[in-house]
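Asker: Pasting in a structure now, in structure tokens, and then I'll have a few things to ask.
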Amino acid sequence: MQKIAVITPVKHLNGITDLLESKGQVFYLESSTKGQVRDLLLSQNITTIVCNPNQQLYKIDKELLNNTQVNTINSCSTGLNHIDLDYCSENNIEIQCHKNDYKLINQLPSTSELAFGLMLSLLRNIPECNNHVSRYYWDYTQFMGRQVKDLKIGIIGYGRLGKMMHKFCNAFGADVKIYDPYVDIPYYQCQAQSLKELCEFSDVISLHVHVTDETKYMINEEILGYIKKDSYIINTSRGEIVDERAIINSLSEGKLAGYGTDVIEDEFNDLTKSPIIKAMNEGKNIIVTPHVGGMTIEGQTKAYKWSINKL
């Protein structure tokens with residue numbers, strides 16, 4: 001019987017613990033430190049880890065796995081930047097994820113819905129409005145927003161989530177352009193030939209790409225030099241897609257009007273060192289959510305059932 005360490009919250013999802021316990025002997029460490037997880041792996045001879053990057057404040061790497069019995073890491077995610085893939089490959093540790101589970105992930109629009117929500121929150125100053133009224137004020141004049149129907153929206157990455165974001169923006173009547181050099185975009189009039197062209201076009205840029213050597217820091221000082229004044233960037237991909245200090249500089253210079261993100265570059269270490277969170281606390285027009293893109297009851301229940309059945 002396999003021994004399974006569950007190092008991410010699952011008990012709030014109906015039926016998931018029963019399904020897990022049908023696969024082996026299960027140990028729950030839903031909120032724990034890296035040291036506590038390593039102690040469990042060693043003391044119980046754990047063979048399988050079930051994880052998700054959203055709640056994980058450390059990386060699954062040699063420091064955690066060395067001299068353990070772990071042979072399988074089951075991640076309920078498409079992204080895998082919370083795992084040292086090179087170490088796992090060198091040590092014959094199987095990685096299970098949803099990257100190619102198209103039948104499942106096409107049913108999961110949660111992250112794109114959040115991207116659209118972050119965009120609306122920035123465009124309509126929703127957090128500031130809420131804070132204003134919580135102090136018993138009632139003055140709309142300082143919260144004039146933007147109307148999606150009259151905006152130009154650029155989508156970078158035209159995979160599953162980018163396509164969903166395109167659909168949402170179309171429903172609101174926005175003018176949309178898409179940049180993805182690896183995908184045949186069926187709407188020729190929507191296709192941008194370069195990042196520069198997309199940036200010069202867009203009032204809002206929404207990122208929907210995986211982290212690779214090519215996409216890391218793709219939104220950098222040079223690219224931000226092409227954006228329109230008073231434009232917005234939405235990031236529900238990974239923090240490493242953007243150069244966070246370049247984002248902050250662009251906000252400080254008054255060129256970028258706002259940044260809405262569900263991810264930061266280093267989610268697995270001390271959050272007090274995050275330049276994005278610090279800039280938000282210093283009053284920059286930044287909204288940060290704690291990697292909740294896929295965190296819906298409906299989406300997570302479907303995803304975990306699929307993931308656990310791989311065991």
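Asker: When the residues of the stretch 218-242 are filtered to those that are farther than 24 Å from Met295 by Cα and part of a loop (DSSP other than H, G, I, E, B), which remaining residue is most open to solvent (accessible area, probe 1.4 Å)?
Answerer: Of everything passing the filter in the stretch 218-242, Lys229 is most open to solvent (accessible area, probe 1.4 Å).
Asker: OK, next. Please go through (1) modelled with pLDDT of 95 or more; (2) in a helix (DSSP H, G or I) for Ile287 and return the number of the only condition it doesn't satisfy.
Answerer: (2)
Asker: Pick from the stretch 279-311 the residues that are closer than 21 Å to Gln55 by Cα and of a type in the set (Gly, Ala, Ser): which of them is surrounded by the fewest Cβ atoms within 10 Å (Cβ to Cβ)?
Answerer: Looking at residues that are closer than 21 Å to Gln55 by Cα and of a type in the set (Gly, Ala, Ser), I get Gly299.
Asker: Which residues, counting only those in the stretch 1-46, are closer than 21 Å to Lys59 by Cα and of a type in the set (Gly, Ala, Ser)?
Answerer: Correct list: Ala5, Ser31, Ser32, Gly35, Ser43.
Asker: Got at least one residue in the stretch 108-122 being over 23 Å from the mean Cα position of the chain (by Cα) and acidic (Asp, Glu)?
Answerer: Checking the stretch 108-122: not a single residue is over 23 Å from the mean Cα position of the chain (by Cα) and acidic (Asp, Glu).
Asker: Still on this structure: Please verify whether Asn81 is of a type outside the set (Ser, Thr, Tyr), surrounded by fewer than 14 Cβ atoms within 10 Å (Cβ to Cβ) and part of a loop (DSSP other than H, G, I, E, B), treating the condition exactly as stated.
Answerer: no
Asker: Restricting to the stretch 84-99, give me the number of residues that are more than 19 Å from Lys302 (Cα to Cα) and buried (at least 18 other Cβ atoms within 10 Å of the Cβ).
Answerer: 3
Asker: Same structure, new question: Considering only residues that are assigned to a helix (DSSP H, G or I), touching a helix residue (DSSP H, G or I) at 6+ places or on another chain (Cβ under 8 Å) and open to solvent by less than 80 Å² (accessible area, probe 1.4 Å), which ones fall in the stretch 133-149?
Answerer: Phe143, Val148 - these are the residues of the stretch 133-149 that are assigned to a helix (DSSP H, G or I), touching a helix residue (DSSP H, G or I) at 6+ places or on another chain (Cβ under 8 Å) and open to solvent by less than 80 Å² (accessible area, probe 1.4 Å).
Asker: Tally up the residues in the stretch 180-201 that are of a type in the set (Phe, Trp, Tyr), part of a helix (DSSP H, G or I) and modelled with pLDDT under 95, please.
Answerer: Residues that pass the stated criteria total 1.
Asker: Another one. Residues Lys152, Lys177, Lys167: which one is modelled with pLDDT of 95 or more, within 27 Å of Glu214 (Cβ to Cβ) and open to solvent by 90 Å² or more (accessible area, probe 1.4 Å)?
Answerer: Checking each option against the conditions leaves just Lys167.
Asker: Continuing with the same structure: If you go through the stretch 100-132, how many residues are part of a loop (DSSP other than H, G, I, E, B), open to solvent by 30 Å² or more (accessible area, probe 1.4 Å) and either within 25 Å of Asn269 (Cα to Cα) or in contact (Cβ under 8 Å) with a residue 24 or more places away in the chain (or both)?
Answerer: Qualifying residue count for the region: 3.
Asker: OK, next. Taking the stretch 180-209 as the region of interest, how many residues are over 22 Å from the mean Cα position of the chain (by Cα) and open to solvent by 80 Å² or more (accessible area, probe 1.4 Å)?
Answerer: Result for the stretch 180-209: 8.
Asker: Within the stretch 56-70, does at least one residue satisfy the condition of being in contact with a His (Cβ under 8 Å, 6 or more places away or on another chain) and open to solvent by 70 Å² or more (accessible area, probe 1.4 Å)?
Answerer: The answer is yes; a qualifying residue exists.
Asker: Within the stretch 1-55, take every residue that is part of a helix (DSSP H, G or I) and of a type in the set (Gly, Ala, Ser) and give me the one that is most open to solvent (accessible area, probe 1.4 Å).
Answerer: Keep residues of the stretch 1-55 that are part of a helix (DSSP H, G or I), which gives 16-21, 34-43, 53-55.
Still in the running and of a type in the set (Gly, Ala, Ser): 35, 43.
Details: Gly35: 42, Ser43: 77 Å².
The extreme case among them is Ser43.
Asker: What's the total number of residues in the stretch 158-179 that are part of a loop (DSSP other than H, G, I, E, B) and touching a helix residue (DSSP H, G or I) at 6+ places or on another chain (Cβ under 6 Å)?
Answerer: Qualifying residue count for the region: 3.
The values are calculated or read from the model by the stated rules, or taken from the named source; none is laboratory data. Model, not experiment: these values are computed from the prediction. Don't worry about glycine lacking a Cβ; one is built from the backbone with ideal geometry, like all the others, and counts go over all protein chains shown. Ligands, DNA and RNA are excluded from the accessible area calculation, which covers all protein heavy atoms including side chains. Shrake-Rupley method; radii C 1.70, N 1.55, O 1.52, S 1.80 Å.
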